[in-house]
Amino acid sequence: MATTRQSIIRGPGTVKLGSVKFFDQSGIGAEIDSATQDIQSSISGKLDTIKTDQIGKISLTPVGNLTKELLDVFYPEYFKKPVLGQSIFGADDTELIVSSKAGTQVKFAAAALTKCPELYLSPVKTAFGSIEFTALLPNGKLPDEEGGRLYTVAPAQYTDGEAPRNALSGFHYKATYGSGEGAVVIPDTLDGWTISIEPQLDAVTTDSQGTIDYTLAGINVTAKCTPLGLSEAEVLSMLPVLKGRGHSTITNKDLVISSEGGLTVTLKNASLVTGPLNWGSTALRVGELGFTAHIDTTSGVLFSVDLATPNS
(Lines give C-alpha, C1' and ligand atoms only; values in the text may rest on other atoms or scores of the structure.)
Protein backbone atom coordinates (compact mmCIF):
# COMPACT_ATOMS: atom_id res chain seq x y z
CA MET A 1 0.00 0.00 0.00
CA ALA A 2 1.44 3.37 -1.03
CA THR A 3 1.95 6.16 1.49
CA THR A 4 -0.15 9.27 1.02
CA ARG A 5 1.36 12.73 1.55
CA GLN A 6 -1.36 13.70 4.02
CA SER A 7 -0.55 10.71 6.25
CA ILE A 8 2.99 12.01 6.94
CA ILE A 9 2.92 13.94 10.23
CA ARG A 10 4.97 17.15 10.32
CA GLY A 11 4.86 20.65 11.71
CA PRO A 12 5.91 22.80 14.67
CA GLY A 13 4.68 23.04 18.23
CA THR A 14 5.20 24.66 21.62
CA VAL A 15 6.33 23.61 25.08
CA LYS A 16 4.65 24.43 28.37
CA LEU A 17 6.22 23.65 31.76
CA GLY A 18 3.56 24.11 34.41
CA SER A 19 1.88 27.37 33.39
CA VAL A 20 4.83 28.85 31.46
CA LYS A 21 4.75 28.55 27.66
CA PHE A 22 7.71 29.06 25.35
CA PHE A 23 8.50 28.88 21.67
CA ASP A 24 11.52 27.39 19.90
CA GLN A 25 13.87 28.67 17.21
CA SER A 26 14.36 25.54 15.13
CA GLY A 27 12.27 22.68 16.47
CA ILE A 28 11.51 20.63 19.59
CA GLY A 29 13.03 17.22 20.23
CA ALA A 30 11.71 14.54 22.56
CA GLU A 31 13.80 11.42 23.11
CA ILE A 32 12.07 8.63 25.01
CA ASP A 33 14.68 6.26 26.36
CA SER A 34 13.59 2.78 27.42
CA ALA A 35 16.80 1.43 28.90
CA THR A 36 17.17 -2.31 28.40
CA GLN A 37 19.29 -5.23 29.57
CA ASP A 38 19.98 -8.49 27.78
CA ILE A 39 19.59 -11.86 29.50
CA GLN A 40 22.22 -14.27 28.21
CA SER A 41 22.67 -18.02 28.10
CA SER A 42 26.04 -19.64 27.48
CA ILE A 43 24.39 -22.29 25.32
CA SER A 44 21.76 -20.25 23.51
CA GLY A 45 23.07 -16.70 23.52
CA LYS A 46 20.59 -13.91 24.11
CA LEU A 47 17.41 -15.33 25.65
CA ASP A 48 15.52 -12.10 26.28
CA THR A 49 15.75 -8.32 26.56
CA ILE A 50 14.15 -6.68 29.59
CA LYS A 51 13.28 -3.05 30.21
CA THR A 52 15.18 -1.46 33.12
CA ASP A 53 14.32 2.26 33.06
CA GLN A 54 12.32 5.01 31.36
CA ILE A 55 13.39 8.64 30.86
CA GLY A 56 12.26 11.43 28.56
CA LYS A 57 14.53 14.23 27.31
CA ILE A 58 12.83 17.29 25.82
CA SER A 59 15.13 19.81 24.16
CA LEU A 60 14.83 23.05 22.22
CA THR A 61 16.46 26.44 21.68
CA PRO A 62 14.11 29.17 22.95
CA VAL A 63 13.18 32.00 20.59
CA GLY A 64 14.84 34.50 22.92
CA ASN A 65 12.14 36.73 24.40
CA LEU A 66 13.18 38.23 27.73
CA THR A 67 10.52 37.86 30.41
CA LYS A 68 10.73 37.22 34.14
CA GLU A 69 8.66 34.05 33.96
CA LEU A 70 10.98 32.57 31.34
CA LEU A 71 14.08 33.51 33.35
CA ASP A 72 12.57 31.80 36.41
CA VAL A 73 12.16 28.58 34.38
CA PHE A 74 15.53 28.70 32.61
CA TYR A 75 17.56 29.72 35.70
CA PRO A 76 15.67 28.34 38.71
CA GLU A 77 16.44 29.21 42.30
CA TYR A 78 17.91 25.76 42.99
CA PHE A 79 20.74 26.59 40.55
CA LYS A 80 21.20 30.28 41.40
CA LYS A 81 21.32 29.57 45.14
CA PRO A 82 22.40 25.92 45.14
CA VAL A 83 22.18 23.54 48.06
CA LEU A 84 24.21 20.48 47.18
CA GLY A 85 22.35 17.27 47.83
CA GLN A 86 18.91 18.73 47.15
CA SER A 87 16.28 17.08 44.96
CA ILE A 88 15.79 18.60 41.50
CA PHE A 89 12.26 17.25 41.04
CA GLY A 90 10.97 17.95 44.56
CA ALA A 91 7.82 16.55 46.12
CA ASP A 92 5.31 17.96 43.61
CA ASP A 93 5.20 16.89 39.97
CA THR A 94 5.36 19.59 37.28
CA GLU A 95 3.75 18.59 34.00
CA LEU A 96 5.43 19.38 30.68
CA ILE A 97 3.24 19.52 27.57
CA VAL A 98 4.40 19.51 23.96
CA SER A 99 1.54 20.79 21.78
CA SER A 100 1.66 20.38 18.02
CA LYS A 101 0.03 22.89 15.73
CA ALA A 102 -1.47 19.88 13.96
CA GLY A 103 -3.58 19.13 17.05
CA THR A 104 -1.91 16.55 19.32
CA GLN A 105 -0.53 16.93 22.85
CA VAL A 106 2.13 14.78 24.47
CA LYS A 107 1.97 15.28 28.24
CA PHE A 108 4.93 14.28 30.40
CA ALA A 109 3.74 13.75 33.96
CA ALA A 110 6.80 14.98 35.86
CA ALA A 111 9.53 17.16 34.35
CA ALA A 112 12.34 19.39 35.56
CA LEU A 113 15.06 21.53 34.01
CA THR A 114 18.34 19.61 33.80
CA LYS A 115 20.29 21.82 31.38
CA CYS A 116 20.31 25.62 31.58
CA PRO A 117 20.65 27.47 28.28
CA GLU A 118 23.89 29.32 27.66
CA LEU A 119 23.44 33.07 27.69
CA TYR A 120 24.62 35.15 24.74
CA LEU A 121 24.84 38.83 25.64
CA SER A 122 25.16 40.84 22.44
CA PRO A 123 23.00 43.31 20.47
CA VAL A 124 23.07 40.99 17.44
CA LYS A 125 22.30 37.66 19.17
CA THR A 126 19.23 36.28 20.87
CA ALA A 127 19.88 35.53 24.52
CA PHE A 128 19.45 31.77 24.93
CA GLY A 129 21.22 28.63 23.76
CA SER A 130 19.69 25.16 23.90
CA ILE A 131 17.78 23.96 26.94
CA GLU A 132 16.83 20.48 28.15
CA PHE A 133 14.15 19.11 30.43
CA THR A 134 14.08 15.58 31.82
CA ALA A 135 10.82 13.69 32.35
CA LEU A 136 10.46 10.91 34.93
CA LEU A 137 7.67 8.81 36.41
CA PRO A 138 5.04 10.54 38.56
CA ASN A 139 6.17 10.73 42.18
CA GLY A 140 5.55 7.49 44.08
CA LYS A 141 4.25 5.55 41.07
CA LEU A 142 5.36 2.35 39.37
CA PRO A 143 5.70 2.45 35.58
CA ASP A 144 3.03 -0.23 35.02
CA GLU A 145 0.40 0.92 37.53
CA GLU A 146 -2.60 3.21 37.11
CA GLY A 147 -1.44 6.83 37.01
CA GLY A 148 2.20 5.81 36.62
CA ARG A 149 2.74 6.61 32.96
CA LEU A 150 5.77 8.62 31.90
CA TYR A 151 3.60 10.36 29.29
CA THR A 152 0.16 10.37 27.70
CA VAL A 153 -0.89 11.32 24.16
CA ALA A 154 -4.23 12.86 23.20
CA PRO A 155 -5.76 15.00 20.44
CA ALA A 156 -6.14 18.66 21.43
CA GLN A 157 -6.90 21.84 19.54
CA TYR A 158 -3.85 24.09 19.25
CA THR A 159 -4.41 27.30 21.24
CA ASP A 160 -0.88 28.56 21.98
CA GLY A 161 -0.79 31.19 19.24
CA GLU A 162 2.33 32.58 17.57
CA ALA A 163 5.75 33.49 18.93
CA PRO A 164 6.04 37.08 20.23
CA ARG A 165 8.53 39.49 18.65
CA ASN A 166 9.28 41.76 21.61
CA ALA A 167 12.55 41.87 23.62
CA LEU A 168 14.47 39.55 21.31
CA SER A 169 17.78 41.39 20.82
CA GLY A 170 19.37 44.81 20.35
CA PHE A 171 20.90 45.24 23.81
CA HIS A 172 24.46 46.48 24.22
CA TYR A 173 26.24 45.05 27.27
CA LYS A 174 29.07 46.39 29.39
CA ALA A 175 30.71 44.71 32.37
CA THR A 176 32.20 45.82 35.66
CA TYR A 177 34.59 43.65 37.65
CA GLY A 178 34.72 44.71 41.28
CA SER A 179 33.48 47.99 42.73
CA GLY A 180 34.82 51.30 43.90
CA GLU A 181 38.21 52.71 43.00
CA GLY A 182 39.70 49.37 41.93
CA ALA A 183 36.86 48.36 39.60
CA VAL A 184 37.71 47.42 36.01
CA VAL A 185 35.12 48.34 33.37
CA ILE A 186 34.83 46.37 30.12
CA PRO A 187 32.86 48.78 27.89
CA ASP A 188 32.67 46.63 24.76
CA THR A 189 33.59 43.22 23.34
CA LEU A 190 34.50 41.72 20.01
CA ASP A 191 31.37 39.54 19.76
CA GLY A 192 29.54 39.64 23.07
CA TRP A 193 29.57 37.61 26.27
CA THR A 194 28.89 33.89 26.69
CA ILE A 195 27.70 32.69 30.11
CA SER A 196 27.66 28.94 30.81
CA ILE A 197 25.73 27.39 33.72
CA GLU A 198 26.62 23.72 34.05
CA PRO A 199 25.01 21.70 36.86
CA GLN A 200 26.29 18.27 37.85
CA LEU A 201 23.36 15.96 38.53
CA ASP A 202 23.38 12.43 39.95
CA ALA A 203 20.50 10.08 39.12
CA VAL A 204 18.53 8.51 41.99
CA THR A 205 17.18 5.06 41.11
CA THR A 206 15.14 2.35 42.82
CA ASP A 207 14.95 -1.34 42.00
CA SER A 208 11.20 -1.23 41.29
CA GLN A 209 10.87 2.10 39.46
CA GLY A 210 14.15 3.01 37.83
CA THR A 211 15.16 6.68 37.87
CA ILE A 212 12.90 8.75 40.15
CA ASP A 213 14.94 11.92 40.80
CA TYR A 214 18.21 13.79 40.30
CA THR A 215 20.40 15.17 43.06
CA LEU A 216 22.38 18.38 42.65
CA ALA A 217 26.04 17.41 43.09
CA GLY A 218 27.68 20.66 41.96
CA ILE A 219 27.43 23.56 39.53
CA ASN A 220 29.95 25.59 37.52
CA VAL A 221 29.24 29.08 36.20
CA THR A 222 31.65 30.76 33.80
CA ALA A 223 31.70 33.87 31.61
CA LYS A 224 33.91 34.65 28.66
CA CYS A 225 34.44 37.47 26.18
CA THR A 226 37.10 39.07 24.03
CA PRO A 227 37.19 42.62 25.44
CA LEU A 228 37.80 45.87 23.63
CA GLY A 229 39.25 48.91 25.39
CA LEU A 230 41.30 47.12 28.08
CA SER A 231 45.00 47.74 28.55
CA GLU A 232 47.68 45.19 29.36
CA ALA A 233 47.93 46.60 32.88
CA GLU A 234 44.21 46.22 33.54
CA VAL A 235 44.19 42.58 32.42
CA LEU A 236 47.31 41.70 34.38
CA SER A 237 45.91 43.40 37.48
CA MET A 238 42.91 41.03 37.45
CA LEU A 239 44.87 37.80 37.04
CA PRO A 240 45.77 35.82 40.19
CA VAL A 241 49.23 34.80 38.92
CA LEU A 242 51.08 36.84 41.57
CA LYS A 243 49.41 34.88 44.39
CA GLY A 244 51.32 32.13 46.13
CA ARG A 245 50.89 28.55 45.10
CA GLY A 246 47.84 27.05 46.80
CA HIS A 247 46.34 30.47 47.63
CA SER A 248 42.72 31.27 46.86
CA THR A 249 41.97 33.16 43.64
CA ILE A 250 38.84 34.72 45.15
CA THR A 251 39.14 38.49 45.58
CA ASN A 252 35.54 39.16 46.74
CA LYS A 253 34.75 40.88 43.44
CA ASP A 254 31.56 40.32 41.50
CA LEU A 255 31.39 40.39 37.72
CA VAL A 256 28.29 42.33 36.67
CA ILE A 257 27.30 42.35 32.98
CA SER A 258 24.44 44.72 32.27
CA SER A 259 22.50 46.56 29.59
CA GLU A 260 19.67 49.03 29.26
CA GLY A 261 16.55 47.02 28.53
CA GLY A 262 18.12 43.55 28.32
CA LEU A 263 19.54 41.52 31.18
CA THR A 264 21.77 42.00 34.19
CA VAL A 265 23.91 38.94 34.90
CA THR A 266 26.05 38.70 38.04
CA LEU A 267 28.74 36.14 38.81
CA LYS A 268 29.46 36.20 42.53
CA ASN A 269 33.06 36.15 43.79
CA ALA A 270 34.33 35.91 40.24
CA SER A 271 37.94 35.01 39.50
CA LEU A 272 39.66 35.77 36.22
CA VAL A 273 41.32 32.49 35.28
CA THR A 274 42.39 33.16 31.69
CA GLY A 275 43.59 36.45 30.21
CA PRO A 276 45.95 36.04 27.24
CA LEU A 277 47.81 38.95 25.64
CA ASN A 278 48.87 39.08 22.00
CA TRP A 279 51.31 41.18 19.99
CA GLY A 280 51.08 41.28 16.21
CA SER A 281 50.24 43.48 13.26
CA THR A 282 46.57 42.46 13.24
CA ALA A 283 46.11 40.66 16.58
CA LEU A 284 43.99 42.21 19.29
CA ARG A 285 46.15 42.94 22.33
CA VAL A 286 43.78 41.18 24.75
CA GLY A 287 42.52 37.70 23.95
CA GLU A 288 39.50 35.88 25.37
CA LEU A 289 38.98 36.47 29.08
CA GLY A 290 37.52 33.68 31.21
CA PHE A 291 35.84 34.20 34.61
CA THR A 292 34.49 31.61 37.04
CA ALA A 293 31.99 32.21 39.87
CA HIS A 294 32.06 31.10 43.52
CA ILE A 295 29.22 31.03 46.05
CA ASP A 296 28.80 34.05 48.26
CA THR A 297 29.02 32.49 51.73
CA THR A 298 26.79 35.16 53.27
CA SER A 299 23.85 35.01 50.84
CA GLY A 300 24.41 31.53 49.38
CA VAL A 301 24.03 32.99 45.87
CA LEU A 302 26.28 31.75 43.05
CA PHE A 303 24.89 33.84 40.18
CA SER A 304 21.83 35.82 39.17
CA VAL A 305 20.05 36.54 35.88
CA ASP A 306 17.54 39.39 36.00
CA LEU A 307 15.76 41.78 33.69
CA ALA A 308 17.76 44.97 33.53
CA THR A 309 16.38 48.07 35.17
CA PRO A 310 16.41 51.35 33.21
CA ASN A 311 19.81 53.05 33.12
CA SER A 312 21.49 49.98 34.69
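Entry remark, the range 79-95: residues being within 17 Å of VAL204 (Cα to Cα) and not aliphatic (A, V, I, L, M) number 7 in total. Checking GLU132, GLU234 one by one, the residue that is of a type in the set (Asp, Glu), under 30 Å from GLY300 (Cα atoms), at pLDDT 95 or above and surrounded by 15 or more Cβ atoms within 10 Å (Cβ to Cβ) is GLU132 and no other.
Kindly indicate the residue of the range 249-262 that is part of a loop (DSSP other than H, G, I, E, B), modelled with pLDDT of 90 or more and of a type in the set (Gly, Ala, Ser) and also farthest from ILE186 (Cα to Cα) among those meeting that condition. Among them, the one singled out is GLY262. In the range 47-69 there is at least one residue that is modelled with pLDDT of 95 or more, within 23 Å of ALA127 (Cα to Cα) and small (Gly, Ala, Ser). Output the qualifying pairs, or none if there are none: Cβ atoms under 9 angstrom, residues six or more apart or on different chains, first residue in the range 1-23 and surrounded by 10 or more Cβ atoms within 10 Å (Cβ to Cβ), second residue part of a strand (DSSP E or B) and among the acidic types (Asp, Glu). Every condition considered, the pairs that remain are PRO12/ASP24; GLY13/ASP24; THR14/ASP24; VAL15/ASP24.
Quick check on the range 145-164: of everything there that is within 21 Å of PHE23 (Cα to Cα) and among the small types (Gly, Ala, Ser), which residue is surrounded by the most Cβ atoms within 10 Å (Cβ to Cβ)? The qualifying residue surrounded by the most Cβ atoms within 10 Å (Cβ to Cβ) is ALA163.
Give ILE43, ILE55 a once-over and let me know the one that is aliphatic (A, V, I, L, M) and in contact with a strand residue (DSSP E or B) (Cβ under 9 Å, 6 or more places away or on another chain). Give the derivation first.
Details: ILE43 fails: in contact with a strand residue (DSSP E or B) (Cβ under 9 Å, 6 or more places away or on another chain).
After applying the criteria, what remains is ILE55.
Identify the residue in the range 75-93 that is in contact (Cβ under 8 Å) with a residue 60 or more places away in the chain and under 15 Å from ILE131 (Cβ atoms) and, among all such residues, is nearest to the chain's Cα centre (by Cα). Show your work before the answer.
Initially, the range 75-93 is screened for residues in contact (Cβ under 8 Å) with a residue 60 or more places away in the chain, giving 75, 78-89.
Narrowing the set further to residues that are under 15 Å from ILE131 (Cβ atoms) leaves 75, 79, 88.
Working: TYR75: 7, PHE79: 10, ILE88: 14 Å.
Applying the filter and picking the extreme gives TYR75.
Of the residues making up the range 16-70, those that are of a type in the set (A, V, I, L, M) and over 16 Å from PHE133 (Cβ atoms) are ALA35, ILE39, ILE43, LEU47, ILE50, VAL63, LEU66.
Each residue in the range 144-178 was checked for being more than 28 Å from the chain's Cα centre (by Cα) and in contact (Cβ under 8 Å) with a residue 12 or more places away in the chain, and 4 pass. Scan the range 104-123 and tell me whether some residue there is out of contact with any Asp or Glu (no Cβ under 7 Å at 6 or more places or on another chain), under 24 Å from PRO199 (Cα atoms) and among the polar types (S, T, N, Q). So far as the range 104-123 goes, no, none of its residues is out of contact with any Asp or Glu (no Cβ under 7 Å at 6 or more places or on another chain), under 24 Å from PRO199 (Cα atoms) and among the polar types (S, T, N, Q).
Within the set GLY287, GLY300, GLY280, the sole residue that is within 21 Å of CYS116 (Cα to Cα) and surrounded by fewer than 19 Cβ atoms within 10 Å (Cβ to Cβ) turns out to be GLY300. Taking the stated definitions as given, is ILE43 modelled with pLDDT of 90 or more and not in a strand (DSSP E or B)? Spelling it out, ILE43 is indeed modelled with pLDDT of 90 or more and not in a strand (DSSP E or B). Listed by first and then second residue, the pairs linking a residue in the range 263-289 that is farther than 15 Å from LEU190 by Cα and touching a residue at least 40 places away in the same chain (Cβ under 8 Å) to a residue that is assigned to a loop (DSSP other than H, G, I, E, B) and of a type in the set (A, V, I, L, M, F, W, C), with Cβ atoms under 7 Å apart and 6 or more places separating them unless they lie on different chains, are LEU263/LEU66; LEU263/ALA127; LEU263/ALA308; THR264/ALA308; LEU267/ALA293; ALA270/ALA293; LEU272/LEU239. The number of residues in the range 165-191 that are surrounded by 19 or more Cβ atoms within 10 Å (Cβ to Cβ) and outside any strand (DSSP E or B) comes to 2.
Could you tell me which of the residues LEU121, LEU96 is buried (at least 21 other Cβ atoms within 10 Å of the Cβ), over 30 Å from GLN157 (Cβ atoms), under 19 Å from the mean Cα position of the chain (by Cα) and modelled with pLDDT of 95 or more? Give the steps one after another, and end with the answer.
Working: LEU96 fails: over 30 Å from GLN157 (Cβ atoms).
The match here is LEU121.
Could you tell me how many of the residues in the range 274-301 are among the hydrophobic types (A, V, I, L, M, F, W, C), closer than 22 Å to SER122 by Cβ and not in a loop (DSSP other than H, G, I, E, B)?
From the range 274-301, those among the hydrophobic types (A, V, I, L, M, F, W, C) are 277, 279, 283-284, 286, 289, 291, 293, 295, 301; that's our starting set.
If we keep only those that are closer than 22 Å to SER122 by Cβ too, we end up with 283-284, 286, 289, 291, 293.
This time we only want the ones that are not in a loop (DSSP other than H, G, I, E, B), so: 286, 289, 291.
Count: 3.
The values are calculated or read from the model by the stated rules, or taken from the named source; none is laboratory data. Since this is a predicted model, take the numbers as computed values, not measurements. Note that we place each Cβ from the backbone using ideal geometry, even for glycine, and neighbour counts take in every protein chain shown.
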